[in-house]
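The structure appears below as structure tokens.
No value in this document is a laboratory result; all are computed from the given coordinates. Because the structure is predicted, anything quoted here is derived from the model rather than measured. Quick reminder, even Gly has a Cβ in these numbers, built from the backbone with ideal geometry, and neighbours come from all protein chains shown.
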């Protein structure tokens, strides 16, 4: 399939074009109830449109063909399907001049369908089913979504929220509630119509904040990695990052950009190294983005003899989110391993990854004095500088602080009280 992604695209635009071009191709391969199940691009599109319709029926600000169609979901779905598949930039035309956020409390392919249904008109915020009621309530206070799509089995997590049930819908056979919150969006950012998603940070690098990420900030990452990883419709991309973290956006839209397949498993499998390695091998995963901790948890010797051995299906291993430890990772690589291994570095505040460096064992094996690997070269529209505390650039060999900036639309942040 011809790669038609553009840096000016929105995330959802990548999916709609691919779903139109490859409707019968596998979009998601996921494990549930003891068996593997397949979701095609056509099936995922249908569920995403259903989410879009449910939201549009309760939001007069979203463009609809007529008031009568808004009252008739079947007609509205048919109209919206035609509009979205046509590849138009629906988001830019339908957004208001305020930032609107929709929360998503679900898991698996249902959560992905919700994300795709939300994106044409809103930014999304993913709520982990593992959050407690208190955590959900506190995050709602911070992010202030206008409504939340809640899988019925997780509805108890929203009991402490001042909300009203607006609608009910069924996604892949799972019942959902659309609940409204008491908030009217109060955040104003530059070009708000470009908002893609919101990520709350824990404050590990400072004060806890909410990061509002526009499409223009994340799209260069997608385009860069599609090219660097040489992703094709035949690839299988494993979703290792929880949807609460922005690397998950890379996993999702690397696949949707070209028609590759996502491999998704429950969190229980991610926490069980033996099962996780078995999945990676049996499902012939070709692209894996993970933390060094996750890789090493699989067991260096087992990885060396299978996942990173001669003849493995894996062609790309991107390690990020933590410092890249040269020595432990080198112990995972078997003789004749053909996979390309990358160190990716970035900050949520500048939209996921800022730089990339390819690790070539033969070129670095002699550098025993180097314990950690370089962060590499800056990705598109990203600038990295090492500065003194006075703000001046350091000389070669001098220590300093890394400063990362972007030349496209900046992510916006709001600190918590």
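Computed log10 I(q)/I(0) for segment 216-408 at 0.12, 0.16, 0.19 Å⁻¹: -0.60, -1.05, -1.41, from the Debye equation with unit scatterers placed on every C-alpha and solvent omitted.
According to the calculation over all Cα-Cα pairs in segment 253-292, the P(r) per 5 Å bin from zero is 6, 19, 29, 26, 14, 6, 1 %. What list of whole percents do you get for P(r) of segment 246-312, with Cα-Cα distances grouped in 5 Å bins up to the one holding the largest distance? Once binned at 5 Å, the Cα pair distances of segment 246-312 give 3, 15, 26, 26, 19, 9, 2.
Suppose a student asked you for the relative contact order of segment 216-408, using Cα pairs under 8 Å spaced at least 6 residues apart; what percent would you report?
Details: 342 pairs, mean separation 32.1, N = 193.
It comes to 17 percent, rounded to a whole number.
Distance between Cα centroids, segment 161-181 to segment 279-307: provide it in whole Å. Cα centroid of segment 161-181 versus Cα centroid of segment 279-307: 37 Å apart. Note on residue 33 and residue 305: their simple-model spin labels are 3.6 nm apart, each label 7 Å out from Cα toward Cβ. The fewest-to-most ranking of 313, 125 by surrounding Cβ atoms within 10 Å reads 313, 125. Distance between the C-alpha centres of segment 31-61 and segment 113-150: 16 Å, rounded to the whole angstrom. Spin-label model, residue 331 to residue 282: label points 7 Å out along the Cα-to-beta-carbon direction sit 2.8 nm apart. Each of 141, 110 was scored by other Cβ atoms within 10 Å of its Cβ. Listed from fewest to most, they are 141, 110.
In this simple spin-label model, placing a label point 7 Å from the Cα along the Cα-to-Cβ direction at both residue 338 and residue 271 gives a separation of 3.7 nm.
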